[in-house]
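See structure below.
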């Protein structure tokens, strides 16, 4: 993707995320960032955000997926476990997370599942509440990373200083940018789901907040 196209996508994502943050009481935290000009710092934060996105999406998927949903994802997981090439593995991980995300959004809107979730035990409800917090936190961190990534790739000094790493930055922009936009509808669906199922939720107000513990036995 050309740099000009990346900038357009980043701006579009920023507008969407700021609107989402306001809608869910997250304030203007999407716009906050740190270390935007430091490539190494950016890559560490980007990988951390991606790991949180993958883990929280998986937790929400496992809590809401039907047997039919599970069959498709299990096949993708099996294939990914067999891959040794890092680039191919990362590519399939992205596809896997996108698939799980789509399933979570779809099932969160299901009235029957909402009724079932209303009688889940306290441990499972807490597990899902924590997973939703982490998912929202991942969305905020993704938005901040996209903003910082834009700053990095637009800085002429970086072209000579770390040309080999700019490719990684652009890959992160595409990956996290895709999640940031995709998370908007999922967060909306999950908020409705949590309310219908009477699951208490506290959403993050800063990208620097710590992820919630993944409660064992929640699924």
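So which residues in segment 110-122 are surrounded by 16 or more Cβ atoms within 10 Å (Cβ to Cβ) and within 27 Å of residue 206 (Cα to Cα)?
None - no residue of segment 110-122 is surrounded by 16 or more Cβ atoms within 10 Å (Cβ to Cβ) and within 27 Å of residue 206 (Cα to Cα), so the list stays empty.
So for segment 123-131 (the condition being under 20 Å from residue 57 (Cα atoms), surrounded by 17 or more Cβ atoms within 10 Å (Cβ to Cβ), under 12 Å from the mean Cα position of the chain (by Cα) and at pLDDT 85 or above), does at least one residue qualify?
Within segment 123-131 (the criterion being under 20 Å from residue 57 (Cα atoms), surrounded by 17 or more Cβ atoms within 10 Å (Cβ to Cβ), under 12 Å from the mean Cα position of the chain (by Cα) and at pLDDT 85 or above), the answer is yes, since at least one residue qualifies.
Please tell me if residue 198 is within 16 Å of the chain's Cα centre (by Cα), surrounded by fewer than 18 Cβ atoms within 10 Å (Cβ to Cβ) and either in contact (Cβ under 8 Å) with a residue 40 or more places away in the chain or assigned to a helix (DSSP H, G or I) (or both).
Judged against the criteria, residue 198 is not a match.
Would you mind finding the one in 184, 153, 146 that is buried (at least 22 other Cβ atoms within 10 Å of the Cβ) and either touching a strand residue (DSSP E or B) at 6+ places or on another chain (Cβ under 7 Å) or in contact (Cβ under 8 Å) with a residue 12 or more places away in the chain (or both)?
146
Looking at (1) more than 20 Å from residue 95 (Cα to Cα); (2) touching a residue at least 24 places away in the same chain (Cβ under 8 Å); (3) in a helix (DSSP H, G or I), which one does residue 206 not meet, given that it meets all the others?
Result: residue 206 passes all but (3).
Considering 82, 105, which residue is without any contact (Cβ under 8 Å) to a residue 40 or more places away in the chain and on the phi < 0 side of the Ramachandran plot?
Just one listed residue meets the conditions, 82.
Conditions tested, residue by residue: (1) crowded, with 17+ Cβ neighbours inside 10 Å; (2) modelled with pLDDT under 85; (3) more than 19 Å from the chain's Cα centre (by Cα); (4) not in a helix (DSSP H, G or I).
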| site | (1), (2), (3), (4) |
| --- | --- |
| 19 | no, yes, no, no |
| 35 | no, yes, yes, yes |
| 43 | yes, no, no, no |
| 63 | yes, no, no, no |
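How many residues are within 20 Å of the chain's Cα centre (by Cα) and exposed (fewer than 14 other Cβ atoms within 10 Å of the Cβ) if we restrict to segment 75-87?
Of the residues in that region, 1 qualify.
The values are calculated or read from the model by the stated rules, or taken from the named source; none is laboratory data. As the structure is a computational prediction, the values presented were derived from the model and not from experiment. Every residue, glycine among them, receives a Cβ derived from its backbone with ideal geometry; neighbour counts consider all protein chains shown.
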